[in-house]
Amino acid sequence: MKRRIVVMMGGPSGEHEVSLASGRQVARALHGLGHEVAALVVGRDGAWSRLPVEALPALAPSVQDPGRTAVDREQMPVGVALLAGVDAVFLAFHGKFGEDGGIQGLLQTLGVPYTGSGPLASGLAMHKAKAKELYQFHGLQVPRSVTVERQGWRTDPIRTVARVLETVGLPLVVKPNQGGSSIGATPVAVAAEVSPALELAFGQDDLVLVEERLRGTELTCAVLEEPDGALTTLPVVEIKSRHDAFFDFDEKYRGADAVEIVPARIPDEVAAACQAVAKTAHRALLCEGFSRTDLFWTPRGPVVLETNTIPGLTPQSLLPRAAQAAGIPFPDLMERLVELAILRAERQAQ
């Protein structure tokens, strides 16, 4: 059935261009299936604009400023009006704006079907520290960690660093509590590197998460929801750095030095355990539609890092590659997510 679909992308976040790259691929795929597709781009200045698919430029994702500019209130009615008459919205946002539950709440209030998780799950998954608490409640292992607030860091940086080292130990990873694409995240090997890493992370968020740096096999596993609510897992993907490097922004989007292997080179029982963990994480956060959980396989078993409610959808992204390995072409995957969104909205309306 031909659908009228709007792909929303952009937004005032550090992942603005990553979102545009994902959104362009989604829009082109759905357009190629014969749907009536338009792009609704939220600029970094807060302006909303509706563009035809062919007007979306090809670009390589790059790191942007944190994007603390609030969305212009005057533009909100304009954006809402641009949604008139659509059958569904495909959300291709990444980062605080669009992936944290705000846009989901707006669309739900308007009664517009949208892809992916709802406001609560989106907010929980974006808040890494709270997500970790839920993982543990549901029996999943997580890294040792501690959170650092900006005010505490400014008031007593020496004591803060001491607390980090005592609680987490070296080596460790410093990252913004909310955000993705490894923007603002830094691996730390020696104590002298902790302070600069915290400063970098505070450039993205007022709350910073410090975790032990895990050693083992880095993996990720995507979950897809079926129309009846059952969950299906895609093949586990292995992320292998050629030089034991940290899987940062360049590794994820520019293929600088990492190899992503699908299916992962792990025993069947390990793959099954990782897929079970991904399902548990999906349910623990109340995710819907799809998700992708990142984890490490360590000597103590699977250890969960985080769950992405809107995984990257660029040509290099992990979810499309896992789906392809499972025999699901990218356009079919996108259409499946749209149909799930419409089905959910119909159920909620009953």
Exercise. For the subset of the stretch 121-143 comprising residues that are outside any helix (DSSP H, G or I) and of a type in the set (A, V, I, L, M, F, W, C), which member is nearest to H282 (Cα to Cα)?
Worked result: L140
For this session: Report yes if Q178 is exposed (fewer than 15 other Cβ atoms within 10 Å of the Cβ), more than 29 Å from A325 (Cβ to Cβ), at pLDDT below 95 and not assigned by TED's automatic domain parsing to the domain that holds H94, otherwise no.
Result: no
Exercise. In this structure, does A92 turn out to be of a type in the set (G, A, S) and surrounded by fewer than 19 Cβ atoms within 10 Å (Cβ to Cβ)?
Worked result: no
Problem set entry | Neighbours by Cβ (under 6 Å, 6+ apart or cross-chain): first from the stretch 275-297, without any contact (Cβ under 8 Å) to a residue 60 or more places away in the chain; second surrounded by fewer than 21 Cβ atoms within 10 Å (Cβ to Cβ) and among the aliphatic types (A, V, I, L, M) | K279/L231
Problem set entry | Every residue from the stretch 256-291 that is of a type outside the set (A, V, I, L, M, F, W, C), touching a strand residue (DSSP E or B) at 6+ places or on another chain (Cβ under 7 Å) and within 19 Å of S241 (Cβ to Cβ) | D257, E260, R265
For this session: Answer yes if at least one residue in the stretch 115-123 is closer than 23 Å to A222 by Cα and either modelled with pLDDT under 90 or among the charged types (D, E, K, R) (or both), and no otherwise.
Result: no
Problem set entry | When residues of the stretch 114-152 are limited to those that are surrounded by 19 or more Cβ atoms within 10 Å (Cβ to Cβ) and among the small types (G, A, S), the one farthest from I103 (Cα to Cα) | A131
Problem set entry | Residues within the stretch 121-143 that are of a type in the set (F, W, Y) and over 18 Å from the mean Cα position of the chain (by Cα), tallied | 1
Problem set entry | Only listed residue being over 17 Å from the mean Cα position of the chain (by Cα), more than 15 Å from F330 (Cα to Cα) and touching a residue at least 40 places away in the same chain (Cβ under 8 Å), chosen from V37, V6, V41, V18 | V6
For this session: Taking the residues in the stretch 195-210 that are in contact with a helix residue (DSSP H, G or I) (Cβ under 7 Å, 6 or more places away or on another chain) and within 17 Å of A162 (Cα to Cα) as candidates, determine which candidate is surrounded by the fewest Cβ atoms within 10 Å (Cβ to Cβ).
Result: S195
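The values are calculated or read from the model by the stated rules, or taken from the named source; none is laboratory data. Remember, it's a predicted structure, so these values are computed and weren't measured experimentally. Quick reminder, even Gly has a Cβ in these numbers, built from the backbone with ideal geometry, and neighbours come from all protein chains shown.
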